[in-house]
Amino acid sequence: MKRVLAALDRGSVELAQAPLFEFLADTRIPARKRLSFAPHVAHFVMSFADLYSHVLSEYPPRDKYQELVNAHAREDETHWTWFLKDLEKLGESPRVPYTDSLRFVWSEATLKTRMLSYQMCKLGIGASSLQKLVLVQAIEGAGAVTVGRVSAVGREVAAESGIKLVYLGPHHSDTEGEHTLEDDAVHAMIEAIELDDATATQLIAMVDETFRHFRGFIDEMHALALNGQKLEAST
């Protein structure tokens, strides 16, 4: 399993080099502007809730790996509610015709974001419990890179305007560190898993594919933040 964990670490390190994170750290740009991509994340956030609750979870769990997947899914099951509340706080929830909101979420500008959701479902449907566990670790590894940097900007928004964000603020990053998968005993158990070469190679390929799709999503968010496109009613 150490080879798989090394791939997870490598994926996180490489993802952290994405231009979006340099953009997020640039305090010369207003904090609200740096978070302007937030509405475009909607498809992934809402699909992510379904992925964890209806694709990766399994009741009753078939083994100890599935138990860990289920526990993590339960811990993340309400995060989408934080996201919706943050959009309202940021004034990113305008009243527009339903068809306009659908055009916004399913626009060509967010194709990679939607494909990320679909690819994660593709990897999860029919997967073994161990594959699901590694998929969750890859998703969380990519998420940790992103959430940590976004939350720093969320703190700036709070300092500047008094708006306390949750999904886009420090509460989200703090909560991630308290998850079951972050427990030292769980880490040790996962590290001790013995894999044959074929299984290890398959799991590493899953990790690499997951991070590749996350990179496309993150680069797309960077482009949207620079563009400043907003949800508005069509005329």
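Just want the answer: with Cβ charges of +1 for Lys and Arg and -1 for Asp and Glu, which residue in GLY124, TRP106, ALA25 is farthest toward the dipole's positive end in the chain?
Of the options given, the answer is TRP106.
Across every pair of different alpha-carbon atoms, what Kirkwood hydrodynamic radius in Å does the stretch 11-139 reach?
Radius from the Kirkwood sum: 16.6 Å.
What size of dipole, in debye to the nearest 20, comes out for the stretch 25-161 about its Cα centre when the only charges are +1 on Lys and Arg C-beta atoms and -1 on Asp and Glu C-beta atoms?
340 debye
Within the P(r) computed for the stretch 88-146, what percentage of the Cα pairs occupies the region above 18 Å?
56 percent
Which value in Å is the Kirkwood Rh of the stretch 119-235 over different Cα pairs?
For the stretch 119-235, the Kirkwood estimate is 16.8 Å.
Select one label from [x] 1.03; [y] 0.95; [z] 1.15: the one whose number is Cα Rg over 2.2 N^0.38 Å as derived from the coordinates shown.
[x]
What does the helix-only formula give at 222 nm for the chain: each DSSP H stretch with n ≥ 4 adding -39500 (n - 2.57), the total divided by the residues, and the result rounded to the nearest 500 deg cm²/dmol?
Value at 222 nm, helices only: -21500 deg cm²/dmol.
Please work out the ratio of the alpha-carbon Rg of the stretch 1-72 to 2.2 N^0.38 Å and round it to two decimals.
With N residues counted in the stretch 1-72, Rg over 2.2 N^0.38 Å equals 1.56.
Taking the Cα centre of the stretch 98-140 as origin, sum charge times position over the Cβ atoms of Lys and Arg (+1) and Asp and Glu (-1), and report the length of that vector in debye to the nearest 20.
I would put it at about 120 debye.
About the Cα centre of the chain, how large is the charge dipole given +1 on each Lys and Arg Cβ and -1 on each Asp and Glu Cβ? Please answer in debye to the nearest 20.
For the chain, the charge dipole is close to 860 debye.
Can you work out ³J(HN,Hα) from phi for every residue in the stretch 150-156, in order, using Karplus 6.51 cos²θ - 1.76 cosθ + 1.60 and θ = phi - 60°, giving whole Hz and x for Gly and Pro?
5, 5, 4, 5, x, 5, 5
A short reminder: the numbers here are calculations on the coordinates, not readings from a lab. Predicted model, so just to flag it, every value in this text is computed and none were measured. All Cβ positions, glycine included, derive from the backbone under ideal geometry; neighbour counts span all protein chains shown.
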